[in-house]
Amino acid sequence: MMCGAPSVVQPATAETQDIADQVRSQLEEKENKKFPVFKAVSFKSQVVAGTNYFIKVQCWEGPPQTGAGRKPPAQAWALWSQ
């Protein structure tokens, strides 16, 4: 992977699910709802000053949604949705 360029889309891994689990409460608060399902489906990453993760998550019994998380060096996860 080139620095700054996003990776190709890959199937979700245990690490990706862990990242999704860490931002779940932020997304539920932002959307003002609780999700009965929160399963990472696929992701791509981007190495910049930290790592951006673009994770497609299934939040209910329907099509997956895409969101993104960023982990700056030595800091907590930040969430933004698309």
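Rank F54, Q26, P36 by how far each Cα sits towards the positive end of the charge dipole of segment 10-63 (+1 on Lys, Arg Cβ; -1 on Asp, Glu Cβ) and give me just the farthest. Most positive-ward Cα: F54.
Could I get the Rg over Rh figure for segment 10-63? Both from C-alpha atoms, Rh via Kirkwood, rounded to two places. Radius of gyration relative to Kirkwood radius: 0.99. Computed extension length for F35-T13: 5.9 nm, one decimal, from 0.36 nm per residue of separation with the Cα-Cα distance subtracted. What segment 10-63 shows is 59 Å² of accessible area per residue, with the surface traced by a 1.4 Å probe over protein heavy atoms. Computed about its Cα centre, the charge dipole of segment 10-63 is approximately 140 debye, with only Lys, Arg, Asp and Glu carrying charge at their Cβ. Of the chymotrypsin sites (Phe, Trp or Tyr not before Pro) found in segment 1-60, those that fall in a DSSP loop while having at most 15 other beta-carbon atoms within 10 Å are W60.
The values are calculated or read from the model by the stated rules, or taken from the named source; none is laboratory data. As the structure is a computational prediction, the values presented were derived from the model and not from experiment. Please note: Cβ atoms are built from the backbone with ideal geometry, for glycine as well, and neighbour counts cover all protein chains shown. For accessibility, only protein heavy atoms count, side chains too; no ligands or nucleic acids. Shrake-Rupley method; radii C 1.70, N 1.55, O 1.52, S 1.80 Å.
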